[in-house]
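Step one of this worksheet: look at the structure below.
Please treat every number below as a calculation from the coordinates, not as lab data. All of these numbers come straight from a predicted model, not from anything done at the bench. A quick note on method: Cβ atoms are made from the backbone with ideal geometry, for glycine too, and the neighbour counts reach across all protein chains shown.
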Amino acid sequence: MFRFRLVLLSVAATVLLQPAVSSARVPEKKAAPKGAPIRAQAATAAEAKAFVDAAEAKLMELAVEASRAGWVQSTYITDDTEILAAKANERAINAGVEYAKQAVRFDNLKLPPDVARKLLLLKNGLVLAAPSNPKESEEVTRIAASMEGEYGKGKYCPQKDKCLDLQDITRIMAESRDAAQLLDVWRGWHSIAIPMRPEYQRFVELSNKGARELGFADTGAMWRSKYDMPPDDFAREVDRLWEQLKPLYVSLHAYVRWKLREKYGDAVPATGPIPAHLLGNMWAQDWSNVFDLVKPPDVDPGYDLTKILEAKKTDAKGMVRYGEAFFTSLGFAPLPPTFWERSLFVKPRDREVVCHASAWDVDNENDLRIKMCIEPTAEDFSTIHHELGHNFYQRAYNTKPGLFRDSANDGFHEAVGDTIALSITPEYLVKIGLLDKAPDPSKDIALLLRRALDKLAFLPFGLVVDQWRWKVFSGEVTPASYNRAWWDLRTKYQGVAPAIERTEKDFDPGAKYHVAGNTPYTRYFLAAILQFQFHRALSQAAGCTGPLHRCSIYGNKEAGKKLDAMLQLGVSRPWQDAIEAISGKREMDATAMRDYFAPLQKWLDEQNKGKPTGW
Ligand SMILES: [Zn+2]
């Protein structure tokens, strides 16, 4: 996770698996000067440039303010810091909405490329466009806050004075192997979304109205418009990527279904979709919690990084030094001294902080920081490499104008962090002296399976959330079939189904944070695909010829140069240019993920012999 620098352009930081993310909602903007864009007098190119310059300067200023307030709030949680941070955020977001609406004035003008791109970014950056009618604007903002609040406060109370919040339920979903208990908490959590149904219906009407005022067909088209291609082409592009990976997913699905059937008996059908509550996660989006049920017999990887770090008495700063050394080995300059002075590495003993790891660039220049409660574990070791990926990205594009200081598209930032984490191989650990000898490749299947349960199992869910919303916003799915359409899509893509009857009284999409909190989701699908494409391209640049999952770019300046070339672009050019800088290709390509998991695919096919596949 990272903090977007321009809070207004992009939505404030969102995380994939963590429901407790910052709000994606756009507060009301005050009486706008229009029902239709102002076009009384024809605007000129000079006015457009002056407008963009002013917007850029103001938005930068507000973003830095919001960032400072946000930092203090996350590292010193009190009622006051929360209010101050919320106010600063609101100011920044309101300004973003206002500039987006005004930018429409310069449509159809012939402009220098930089000015045109900045106008585009101003217009495409919104997640929610409130209608210009003040009453409607107030209403849509209120609904957005209400749904997010209902989600945040959501509790399931199996007994009168015993209530479970999402954190409790998440733990049960991960750890319990009692099918009845799993179904009970699954049903309980989904019930929290029922009151959101009428609100969501109204929310769709109003947010569509605002999107149309900005010239988009609907809110879904507005979301898809930020990918440097026509919105409908982007939808097809996403489908194409999924088709590249579907066979691999089907193999994993068949294998896991069989293993779950061995555990749970007829509760899991031999053919057909897997019951959605048995995969270790509320949304069946991450299956790694059922690894112990599906693992092959010999899973000892031969070493335990957590134990090694403990034995070496590695402290928090020492952990971060390993991460920094990864980047300097690629040719990047060391982190600035302020990074070490201002970051939060350890959980303070005397106050509340947000421990969820995040990376910041507080002044949008060089004030890089991470905020993390570091423990000497293998997981934190990997997370540090991921977070620093954000920091080095932020610094690489800091010479670009303010509006261009962001990732090439919203999938890129997370993908870069994860790309670096993919290079944490046993060979890398040997090179930095944490391991004497890499284990032999016979242990790889277990490691690949564990990774696939996380990254591959996620893909269809990463697709479904917005497939559903795009159809809802466009009107293809109407309120009369909200819930059925949700489960049709989940069954079609994920091959999962509810184990109990669902009706149109239910509103199961609202039991996912990003629907209740109105946060676009396709970025996570893209990030999952892109990280393997980046990893393959960089591994090739580094001359790695072995299996992809054993390649690490550590120490390779050629790979570093390619990575840097992409990072430096920020969002100044269409993302196709950025992907070309790193991979030589102008398209997203999911075959890299297939290559990465090729040994697992082979193994799965052997396991699946004679067993049913598909659903
Ligand atoms: Zn991240």
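Could you pull out which residues in segment 75-115 have an amide N less than 20 Å from a spot 7 Å beyond the Cα of Val346, following the Cα-Cβ vector? Label zone hits: 75-77.
Remark: relative contact order (the chain) = 19 percent; criterion is Cα-Cα distance under 8 angstrom and separation of 6 or more residues.
Of interest is the spacing of the C-alpha centroids, which for segment 516-555 and segment 328-397 amounts to 21 Å.
A compact globular protein would have a Cα radius of gyration near 2.2 N^0.38 Å; the ratio found for segment 368-496 is 1.44. Multiplying the residue separation of Asp53 and Ala116 by 0.36 nm and removing their Cα-Cα distance gives an extension gain of 21.5 nm. What FRET efficiency do you get for Asp239 and Ser481 if R0 is 25 Å and r is their Cβ-Cβ distance, rounded to the nearest 0.05? Taking R0 as 25 Å, the efficiency between Asp239 and Ser481 is 0.70. In this structure the amide hydrogen of Ala497, modeled in the peptide plane, comes within under 5 Å of the amide hydrogens of Ile274, Ala276, none closer than 5 places in sequence on its chain.
Treating each Cα of segment 412-455 as an identical point scatterer and summing with the Debye formula, the log10 of I(q)/I(0) at q = 0.21, 0.25, 0.33 Å⁻¹ comes to -0.84, -0.98, -1.07. If R0 equals 51 Å, the separation of the Cβ atoms of Ala174 and Ala42 corresponds to a calculated FRET efficiency of about 0.25.
For the peptides 162-171, 494-503, what is the packing order when you average, over each peptide's residues, the other Cβ atoms within 10 Å and list the highest mean first?
In descending order of packing, they fall as 494-503, 162-171.
Projecting the Cα atoms of Gly154, Ala542, Asn89 onto the dipole axis of the chain, where Lys and Arg carry +1 and Asp and Glu carry -1 at the beta carbon, places Ala542 farthest toward the positive end.
Centre-to-centre separation between the Cα atoms of segment 433-458 and those of segment 138-171: 37 Å. Using the Karplus relation 6.51 cos²θ - 1.76 cosθ + 1.60 with θ = phi - 60°, the per-residue 3J(HN,Hα) values for segment 440-457 come to 7, x, 4, 8, 5, 4, 4, 5, 5, 5, 4, 5, 5, 5, 8, 7, 6, 4 Hz, with x marking Gly and Pro. Placing unit charges on the Cβ atoms only, positive for Lys and Arg and negative for Asp and Glu, gives the chain a dipole magnitude near 600 debye about its Cα centre.
A simple spin-label model places pseudo-atoms 7 Å from Cα toward Cβ; at Ala565 and Arg451 they are separated by 2.5 nm. The Cα-based radius of gyration and maximum Cα-Cα distance (Dmax) for segment 476-571 are 20.7, 58 Å.
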